[in-house]
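Heads up, the thing below is written out as structure tokens.
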Amino acid sequence: MNQGVFISFEGSEGCGKSTQISLLSERLRTLGREVDVLREPGGTALGECIRHLLQFAPEGLGMCPESELLLFTASRAQLVRERIRPALERGAVVICDRFLDSTTVYQGVARRLAPDTVAFINDFAVGGCLPDVTFLLDLDLAEARRRMAARNNPEAPPDRMEQEPDAFYEAVRAGYLRLAQACPSRVRRLDASRPEREIESEILEILSGQIHGIFPPPAFGEARIS
Ligand code: TMP
């Protein structure tokens with residue numbers, strides 16, 4: 001395969017994105033693919049500074065939704081040009097922990113910014129670079145909160161977004177479900193309440209059906225012992 005593949009993972013906090021990203025990236029690396037795992041906001045020096053501003057910096061307290069939208073998309077614009085496009089041009093698989101759908105849902109739906117404006121700014125930031133497949137790990141809020149509480153480190157206080165009330169996260173989930181309905185061929189909803197190996201199998205099945213050649217066949221004679 002000489003062309004890269006772009007996969008993004010979406011879902012609200014506690015949905016198990018990190019686990020699935022690490023299972024998939026390990027699997028692809030074992031098969032000999034170059035894999036770049038990136039996260040949003042972040043993934044570049046500029047993006048990591050923006051991430052800090054958005055999550056923990058005291059300067060970010062009281063940030064208005066419009067600034068929040070522009071900061072998330074600024075981080076993404078840099079990530080596309082500095083990391084994603086070059087990796088895809090090399091033929092790598094890029095796996096991104098969140099991408100433009102997070103903005104559509106968190107800023108457009110949950111923060112209630114005008115959807116057309118959010119779509120316009122999202123398009124400008126990504127410059128036509130869209131995921132081939134997006135996995136939406138869908139989990140109800142009660143279970144997500146339970147998982148987050150179980151893994152919460154008392155030393156690490158919740159970030160600015162994690163302090164949002166339940167109504168915000170209900171809106172995030174509803175927004176994601178609407179998005180999956182609106183873009184069924186790209187955004188694939190997965191029931192994230194199931195055991196992680198079951199979710200992993202579904203991801204592998206969808207990828208082999210949808211992205212021709214993503215899993216290279218074993219090399220001829222690979223199974224020989226002499
Ligand atoms: P996380 O990915 O480490 O959980 O943190 C990212 C947080 O930022 C998460 O609360 C979702 C939020 N977010 C947005 O609100 N808009 C965006 O465009 C992105 C990428 C993330």
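The values are calculated or read from the model by the stated rules, or taken from the named source; none is laboratory data. The shown structure was predicted, so the numbers you read here are calculated from the model rather than taken from an experiment. A quick note on method: Cβ atoms are made from the backbone with ideal geometry, for glycine too, and the neighbour counts reach across all protein chains shown. Each accessible area value is taken on the protein alone, full model and side chains, heavy atoms only, with ligands, DNA and RNA left out. Shrake-Rupley method; radii C 1.70, N 1.55, O 1.52, S 1.80 Å.
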Segment 98-167: trypsin sites (Lys or Arg not before Pro) in DSSP coil with no more than 12 other Cβ atoms inside 10 Å: Arg112
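Send over a whole-number figure in Å² for the accessible area per residue of segment 5-210, probe 1.4 Å.
Numbers: 9840 Å² over 206 residues.
The answer is 48 Å² per residue.
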Positive minus negative residues near Ser193 (Lys, Arg vs Asp, Glu; Cβ under 9 Å): -3
For the chain, with +1 on Lys and Arg beta carbons and -1 on Asp and Glu, the positive-most of Ala182, Pro41, Phe6 along the dipole: Phe6
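Taking 8 Å as the Cα distance limit and 6 or more residues as the minimum spacing, I'd like the relative contact order of segment 5-210 as a percentage. Don't jump to the answer; show the numbers that get you there.
Numbers: 287 pairs, mean separation 65.4, N = 206.
In percent, rounded to a whole number, it is 32.
With a 1.4 Å probe and every protein chain kept in, tell me what percent of the accessible surface of the chain is carbon plus sulfur. Walk me through the numbers before you get to the answer.
On the way: 6400 of 11750 Å².
The value for the chain is 54 percent carbon and sulfur by accessible area.
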For segment 15-80, size of Cβ-based charge dipole, Lys and Arg +1, Asp and Glu -1, in debye: 340 debye
Point-charge dipole on Cβ atoms (K/R +1, D/E -1) for the chain, about Cα centre, debye to 20: 380 debye
Summed side-chain charge close to Arg145 - residues other than Arg145 whose Cβ falls under 14 Å, Lys, Arg +1, Asp, Glu -1: -3
Furthest towards positive pole of dipole, Ala142, Leu53, Val94, structure part the chain, Cβ charges: Val94
Cα→Cβ-extended label distance, 7 Å offset, between Ala150 and Met63, nm: 3.0 nm
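Pick out, in residue order, every one of the GluC sites (Glu not before Pro) in segment 23-62 that is DSSP loop and has at most 14 other C-beta atoms within 10 Å; say none if there are none. Show your work: numbers first, answer last.
Details: sites: Glu26, Glu34, Glu48, Glu59; in loops: Glu34.
Those that pass, being in a loop and sparsely packed, are Glu34.
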Part-to-part distance (alpha-carbon centres) for segment 68-132 and segment 149-167, which is given in Å: 24 Å
Cβ-based net charge around Arg27, under 14 Å, with every Lys or Arg adding one and every Asp or Glu removing one: -3
